[in-house]
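**Q** Supplied in structure tokens, the structure appears directly below.
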Amino acid sequence: MADPDGILEIFLGPGDLFFGDRDTRIRTLLGSCVAVTLWHPRAKLGGMCHFVVPTRPASGWRAGTPTRPSSCSSARSAPPRRRRTSTR
């Protein structure tokens, strides 16, 4: 939804992903999740993924595993919501 200033307002829920241009404001609310944001200052393009950190399995995490799995379901299952092509 665009506000009167022409800024597209996006709210990400758990597992959502969105990339947009300088006229986009992306927000989320974090609890036990993690958000990763990216911004390209010259191209004025950026995005955010709201990663879902899974609950610990009953058997626990394997010893020696440096990372835990996470999910950004939209990145794998949904087509991009908005596409931009580079002029460079």
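Okay, residues lined up against (1) surrounded by 11 or more Cβ atoms within 10 Å (Cβ to Cβ); (2) in contact with a strand residue (DSSP E or B) (Cβ under 8 Å, 6 or more places away or on another chain); (3) at pLDDT 70 or above:
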site	(1), (2), (3)
6	no, no, yes
36	yes, yes, yes
41	no, no, yes
47	yes, yes, yes
50	yes, yes, yes
59	no, no, no
65	no, no, no
84	yes, yes, no
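**Q** So how many residues does region 16-31 have that are over 15 Å from residue 53 (Cβ atoms) and assigned to a strand (DSSP E or B)?
**A** So the answer is 9.
The values are calculated or read from the model by the stated rules, or taken from the named source; none is laboratory data. The structure presented is a predicted model; accordingly, all values stated were derived computationally and were not measured. Because the Cβ atoms are built from the backbone with ideal geometry, glycine has one as well, and the counts that use them run over all protein chains shown.
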